[in-house]
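*Asks:* Shown below is the structure under consideration.
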Ligand code: AMP
């Protein structure tokens with residue numbers, strides 16, 4: 001497994017692989033890996049000749065009040081996990097390598113970025129789209145793997161790829177959960193033992209939402225209110241949002257029909273966690 005730190009050496013390696021006819025799978029992450037990340041890498045390794053993983057905690061997708069400087073990092077352990085899975089290249093650039101001081105170009109997916117998490121994380125998706133676009137240009141992947149855990153990110157990136165005719169296939173990957181149902185996340189490391197127990201309330205709300213839809217409830221407000229009731233039983237939890245939208249357009253729907261995304265963000269103490277489920281009705 002090769003590790004690169006500069007854009008030039010990464011481009012050179014990938015160009016050489018492309019010249020040899022190898023397909024490139026691409027997994028962008030912020031590091032501090034867990035089974036969710038590894039599932040994306042395994043899928044990429046199955047479907048491509050070469051798998052390229054990015055470790056980059058991207059400052060432009062954090063707002064000033066967020067946790068950029070204390071975001072957890074563990075390069076050595078992450079690299080070992082990648083090696084075991086059969087990753088071919090880790091690209092781990094510094095912030096200075098990725099951003100020139102006078103960078104003045106951004107990619108905005110306008111409407112989709114303003115909904116759900118976009119309301120409380122201003123500029124987040126602009127940061128995500130710009131960096132993913134840059135990374136696509138560096139890694140020139142055939143396929144890029146994104147987790148459904150970040151359902152809005154998946155929708156926004158898919159729209160960017162479609163709208164800008166990018167030569168990459170976006171491959172969605174299912175949410176990986178802990179045994180008690182909590183979606184795996186690097187941010188779970190922030191939870192105290194009590195908060196970790198409390199965090200399972202997100203999954204309980206998900207199960208209730210799924211149950212109601214399966215039982216034939218078609219009124220989104222009814223489902224949202226029942227899910228919020230469940231979250232409200234946990235004293236350490238505070239709802240940021242629970243919403244039901246079309247999973248492609250991220251627009252609110254008035255009746256449960258078509259490709260539906262039920263998404264939520266909930267504070268457990270100071271840690272903001274997201275979770276969701278999708279279904280086709
Ligand atoms: P992050 O390092 O949090 O930016 O995540 C990198 C990628 O891993 C994104 O595409 C995430 O959606 C994906 N991911 C994170 N957690 C999970 C999970 N629990 N299950 C599946 N994919 C995940």
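The values are calculated or read from the model by the stated rules, or taken from the named source; none is laboratory data. Quick caveat, the model's predicted, so the values are computed rather than measured. Using ideal geometry, Cβ is built from the backbone for each residue, glycine included, and neighbour counts are taken over all protein chains shown.
*Asks:* Confirm whether residue 47 is loosely packed, with under 14 Cβ neighbours inside 10 Å and either at pLDDT 95 or above or closer than 18 Å to residue 136 by Cα (or both).
*Replies:* Here the answer is no, as residue 47 does not meet what is asked.
*Asks:* May I ask you to say which residue of 64, 28 is farther than 13 Å from residue 86 by Cα, at pLDDT 95 or above and either in a loop (DSSP other than H, G, I, E, B) or touching a helix residue (DSSP H, G or I) at 6+ places or on another chain (Cβ under 8 Å) (or both)?
*Replies:* Result of the check over 64, 28: 28.
*Asks:* Turning to a different aspect of this structure: Hey, can you tell me all the residues within the stretch 71-91 that are surrounded by fewer than 19 Cβ atoms within 10 Å (Cβ to Cβ) and assigned to a loop (DSSP other than H, G, I, E, B)?
*Replies:* 71, 72, 73, 74, 86
*Asks:* Of the residues 161, 132, which is in contact (Cβ under 8 Å) with a residue 60 or more places away in the chain and either in a helix (DSSP H, G or I) or over 12 Å from the mean Cα position of the chain (by Cα) (or both)?
*Replies:* Of 161, 132, the one residue that is in contact (Cβ under 8 Å) with a residue 60 or more places away in the chain and either in a helix (DSSP H, G or I) or over 12 Å from the mean Cα position of the chain (by Cα) (or both) is 132.
*Asks:* Test of understanding: among 206, 223, 250, 230, which residue is in a loop (DSSP other than H, G, I, E, B), at pLDDT 95 or above and either closer than 29 Å to residue 41 by Cβ or in contact with a helix residue (DSSP H, G or I) (Cβ under 7 Å, 6 or more places away or on another chain) (or both)?
*Replies:* Exactly one of 206, 223, 250, 230 is in a loop (DSSP other than H, G, I, E, B), at pLDDT 95 or above and either closer than 29 Å to residue 41 by Cβ or in contact with a helix residue (DSSP H, G or I) (Cβ under 7 Å, 6 or more places away or on another chain) (or both), namely 250.
*Asks:* Out of 110, 150, 104, I need the residue that is under 15 Å from the mean Cα position of the chain (by Cα) and either surrounded by fewer than 19 Cβ atoms within 10 Å (Cβ to Cβ) or closer than 20 Å to residue 264 by Cα (or both). Which one?
*Replies:* Only one candidate passes the filter, namely 150.
*Asks:* If you don't mind, there's one more thing I want to ask. Of everything in the stretch 169-199 that's away from the ligand (no atom under 14 Å from the Cβ) and part of a loop (DSSP other than H, G, I, E, B), which residue is farthest from residue 25 (Cα to Cα)?
*Replies:* Within the stretch 169-199, the match that is farthest from residue 25 (Cα to Cα) is 192.
*Asks:* Something else now. From the residues in the stretch 35-53 that are in a helix (DSSP H, G or I) and more than 14 Å from the ligand (Cβ to nearest atom), which one is farthest from residue 83 (Cα to Cα)?
*Replies:* It comes out as 47.
*Asks:* How many residues does the stretch 144-168 hold that are within 13 Å of the ligand (Cβ to nearest atom) and touching a helix residue (DSSP H, G or I) at 6+ places or on another chain (Cβ under 8 Å)?
*Replies:* Number satisfying all stated conditions: 12.
*Asks:* Does the stretch 164-217 hold any residues that are farther than 17 Å from residue 264 by Cβ, in contact (Cβ under 8 Å) with a residue 60 or more places away in the chain and surrounded by 14 or more Cβ atoms within 10 Å (Cβ to Cβ), and which are they?
*Replies:* 168, 171, 173, 176, 186, 190
*Asks:* Which of (1) within 14 Å of the ligand (Cβ to nearest atom); (2) over 23 Å from residue 267 (Cβ atoms) does residue 67 not meet, given it meets every other one?
*Replies:* So the condition that residue 67 fails would be (2).
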